[in-house]
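Enquirer: Supplied in structure tokens, the structure appears directly below.
We did not get these values from a lab; they are worked out from the coordinates using the rules stated. Because the structure is a prediction, the values reported are computed rather than measured. All Cβ positions, even for glycine, are placed from backbone atoms using ideal geometry, and neighbour counts span all protein chains on display.
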Amino acid sequence: MIQITLPDGSLREFPGPVTVAEVAASIGTGLAKAALAGKIGDKVVDTSYTIAQNSPLAIVTAKDAEGLEVIRHSTAHLLAYAVKELFPDAQVTIGPVIENGFYYDFSYKRPFTPEDLAAIEKRMAELAAKDEPVVRRVLPRDEAVAYFKGLGEHYKAEIIASIPSNEDVSLYREGAFEDLCRGPHVPSTGKLKFFKLMKVAGAYWRGDHRNEMLQRVYGTAWATKDELQQYLTMLEEAEKRDHRKLGRELDLFHIDEHSPGTVFWHPKGWTLWQEVEQYMRRVYRENGYQEVKGPQILDKTLWEKTGHWDKYRDNMFTTESEKRDYALKPMNCPGHILIFKQGIKSYRDLPLRYGEFGQCHRNEPTGGLHGIMRVRGFTQDDGHIFCTEEHILGECTAYTTLLQKVYKDFGFESIIYKVATRPEARIGSDESWDKAEHALMESLRASGCAFEIAPGDGAFYGPKIEYTLKDAIGRQWQCGTMQVDFSMPERLDAEYVGEDGARHRPVMLHRAIVGSLERFIGILIEQHAGALPAWLAPVQVAVLNITDAQADYCREIAQKIEKAVPQNPLRVALDLRNEKITYKIREHSMQKLPFIVVAGDKERASGAVAVRARGNKDLGVMPVDAFIELIVQAVASKA
């Protein structure tokens, strides 16, 4: 007898080996129809998989995360099937699952067109409607190579030839199409109903620019029609919020081919930048950080000591002077240790917190650059805390509380917390790792934060907390981090004098709240769809006259508003152009200004202004002082 233990702890007995599908059928016809795969321990298998010994089993359906991955994996194969039906000369290569979907790379004699994409998607739907069974078989490696060569699928043959010769490989067939794959897959194509092809892009074979450029077809697939529609709606909204588009429309910045991967900030954009930087500078000052500034270029020998030269060399910009090799810094931490090492430090000095708006450069590939979100030159709100192991818990707890306030001020309410624990390849004692991981987890518990564990995802030098923002349309952005580092103080010989008079190594905590300012500003623009809150808006209010008769009055209003907060002058645009007032209102509204005030003869006579808030909201006529109180409150509240 074979005993199958279900997730609720109940047992099912079978007289002999049994498939996942048969177990599902024994539970109920509804589950049998919904079954996409099975999960035995951590392994996801086909419904045709035969269980030959006592095992735990969960039936995987579309409601499960594993089920959605099986759907997406199988839809990638359905895409390849459709392409081969419509374009028999095309060669298939690889087609993995990615976030929210899948892609498949093809070699074909001409580029696929939008019309081709529509035809492929239509053919996929037709093939899915046939509800053809997806059948697995296993071949010896060399036999599989010969099989695909016989089909003219030379890329597949090359992939299989790279597998050790003593291994078997699995193939999956649906109708006339058979593909190499480890699986698992849905039991039949009829399970694939809710998908859409998104775009075509170029991709080098095996990621090597010396190889052929292939065509990568991207698609998305979901368990339900509603989920697919929600995702497509989110993409439409994301397109409207695209920071590159809004950056042009609002005249904030541009990227120029003369300096790829770096940002040219325009006056309005630099005003936004300064608001973010000065806010973070106040955060530094009010939370015990000493601001420092390190050089841009550091000798190669320093990067060799830290290990960056061996592991990160290809991402570093280098230069040479007087027969010495240098690198533009890709991060700020080594410089902060060099500052820490100047003079003798005592245990009484710890924890010692340094903060820097450090400009860094990383040689990102051109294809990976994306507006101001992914650049080669960027500035981090970088901080490093030198402390003892006993300080870690307190420092991390205070940091999480601080980070929550900062994100809330910028308009982010939802944060996802994740603790990445020790990898197999690491340095430091197990005792140190135990203390560090415990401190990180306890700091989040003390802050009332539910968190996930990411086993083995810590850095080789220590565990870390990752703080991920969820924006207004549900996208996730990993920005903040707190990393415990036992390594770099050791490598660069940092030390302090302990209470016992002996020399000790400090623990180094790497922390960033917004991370790259460029990327964070891009996220802010998209979060607020360009309609930045009053405290961040490059122009907070525009003052408009109706005729020349109110010009002097408008000048007085503009000056009074600007000087309302002497220590932080409000940002006012004065528009006295001889244009129709409707035209001027519309133009400033398109710039997404928080407030527009208008003065005609009646307003001038009564010492008032007509006020419009963003979104074409008419707030009516009010005294100038009342409007100033309104805007000052809006800025101060960060609403």
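Enquirer: Once phi is turned into θ = phi - 60°, what whole-Hz ³J(HN,Hα) does the Karplus curve with 6.51, -1.76 and 1.60 give for every residue of segment 201-206, x standing for Gly and Pro?
Expert: Whole-Hz 3J(HN,Hα) from phi for segment 201-206: 9, x, 7, 6, 4, 6.
Enquirer: Over all pairs of distinct alpha carbons, what does the Kirkwood formula give as the hydrodynamic radius of segment 491-639, in Å?
Expert: It works out to 18.0 Å.
Enquirer: Kindly provide the helix-only [θ] at 222 nm of the chain, computed as the sum of -39,500 (n - 2.57) over DSSP H runs of four or more divided by all residues, to the nearest 500 deg cm²/dmol?
Expert: -11000 deg cm²/dmol
Enquirer: A further question on this structure: With an 8 Å Cα cut-off and a minimum separation of 6 or more residues, compute the relative contact order for segment 1-142 in percent.
Expert: 17
Enquirer: Quote the relative contact order of the chain in percent (integer), defining contacts as alpha-carbon pairs under 8 Å separated by 6+ residues.
Expert: With pairs under 8 Å counted, the relative contact order is 8 percent.
Enquirer: For a quick size check, give me the Cα extents of segment 183-303 along its three principal axes, largest first, whole Å.
Expert: In descending order, the Cα extents are 62, 40, 34 Å.
Enquirer: While we're on this one: For a footprinting-style exposure proxy, rank I163, I4, I557, I98 by other Cβ within 10 Å, fewest first.
Expert: In increasing order of surrounding Cβ atoms, one gets I98, I163, I4, I557.
Enquirer: Using mean Cβ contacts within 10 Å as the protection proxy, how do 137-145, 626-634, 527-535 order, highest first?
Expert: 527-535, 626-634, 137-145
Enquirer: Order these peptides, 67-76, 545-554, 573-582, by their mean beta-carbon neighbour count within 10 angstrom, highest first.
Expert: 67-76, 545-554, 573-582
Enquirer: Taking the inverse of the average 1/r across all pairs of different Cα atoms in segment 93-198, what Kirkwood radius in Å do you get?
Expert: About 15.3 Å, per the Kirkwood formula over Cα pairs.
Enquirer: Under a cut-off of 19 Å between alpha-carbon atoms, report the aspartates and glutamates in cross-link reach of K323, not counting same-chain residues fewer than 8 places apart.
Expert: Partners within reach: D299, E304.
Enquirer: How about K268: which aspartates and glutamates have a C-alpha closer than 17 Å to its C-alpha, ignoring those fewer than 8 places off in the same chain?
Expert: E249, D251, E277, E518, E526, E562, D575, E587
Enquirer: What's the center-to-center distance, using Cα atoms, between segment 215-234 and segment 572-630 in Å?
Expert: Measuring centre to centre over Cα atoms gives 43 Å.
Enquirer: Based on alpha-carbon centroids, what's the gap between segment 69-106 and segment 118-152 in Å, whole number please?
Expert: So the separation of the two Cα centres works out to 10 Å.
Enquirer: Same structure, new question: Just to be sure I follow: if Rg is taken over the C-alpha atoms of the chain and Rh is the Kirkwood radius over the same atoms, what is Rg/Rh?
Expert: On the Cα set of the chain, Rg over Rh gives 1.03.
Enquirer: Then there's this: Return, for the Cα atoms of segment 69-129, the radius of gyration and Dmax in Å, separated by a comma.
Expert: 11.2, 31
Enquirer: Largest first and in whole Å, what are the equivalent-ellipsoid semi-axes of segment 475-544 based on the Cα gyration tensor, each being the root of 5 times an eigenvalue?
Expert: 44, 15, 8
Enquirer: Moving on to the next point. Along each principal axis of its Cα atoms, how long is segment 255-399 end to end? Whole angstroms, biggest number first, please.
Expert: Answer, in whole Å and largest first: 50, 42, 26 Å.
Enquirer: Oh, and also: Quick one: 3J(HN,Hα) in Hz for segment 367-379, Karplus 6.51/-1.76/1.60 with θ = phi - 60°, rounded, Gly and Pro as x.
Expert: Ordered by residue, 3J(HN,Hα) equals x, x, 6, 8, x, 9, 7, 9, 10, 9, x, 8, 10 Hz.
Enquirer: For segment 1-146, I need the span (max minus min coordinate) of the C-alpha atoms along each principal axis, in Å, sorted largest to smallest.
Expert: Sorted from largest, the Cα extents of segment 1-146 read 57, 36, 27 Å.
Enquirer: I need the trypsin sites (Lys or Arg not before Pro) found in segment 462-510, filtered to DSSP loop residues with at most 16 other beta carbons within 10 Å of theirs.
Expert: Listed in order of number, the matching sites are R475.
Enquirer: Based on the mean of other beta carbon atoms within 10 Å per residue, what is the order of 392-402, 560-570, most packed first?
Expert: 392-402, 560-570
Enquirer: If you don't mind, another one. Would you mind checking the pairs K109/K199; K199/K245; K245/K580; K130/K191; K341/K418 and listing those with alpha carbons more than 21 angstrom apart?
Expert: Flagged as over cut-off: K245/K580; K341/K418.
Enquirer: Classify segment 588-634 as rounded, prolate or oblate from the Cα gyration tensor: take a ≥ b ≥ c as the square roots of its eigenvalues, call it rounded if a/c is under 1.5, otherwise prolate when a/b beats b/c and oblate if not.
Expert: Since a/c reaches 1.5 but b/c is at least a/b, the shape of segment 588-634 is classed as oblate.
Enquirer: Taking 2.2 N^0.38 Å as the expected size of a compact globular protein, what ratio does the Cα radius of gyration of segment 299-368 give against it, to two decimals?
Expert: Here the Cα radius of gyration is 1.34 times the empirical estimate.
Enquirer: What is the order of H370, H308, H185, H209, fewest Cβ neighbours within 10 Å to most?
Expert: The fewest-first ordering by Cβ neighbours comes to H209, H370, H308, H185.
Enquirer: Tabulate in residue order the Karplus-calculated ³J(HN,Hα) for segment 353-358, using 6.51 cos²θ - 1.76 cosθ + 1.60 with θ = phi - 60°, rounded to whole Hz; enter x for Gly and Pro.
Expert: Residue by residue, segment 353-358 yields 10, 10, x, 8, 8, x Hz.
Enquirer: Taking H as built 1.01 Å from N, whose amide H comes closer than 5 Å to the amide H of S487, not counting residues under 5 places away?
Expert: For S487, no residues qualify.
Enquirer: Report the Cα centroid-to-centroid distance between segment 382-421 and segment 12-36 in angstrom, as an integer.
Expert: Distance between centres, Cα-based: 48 Å.
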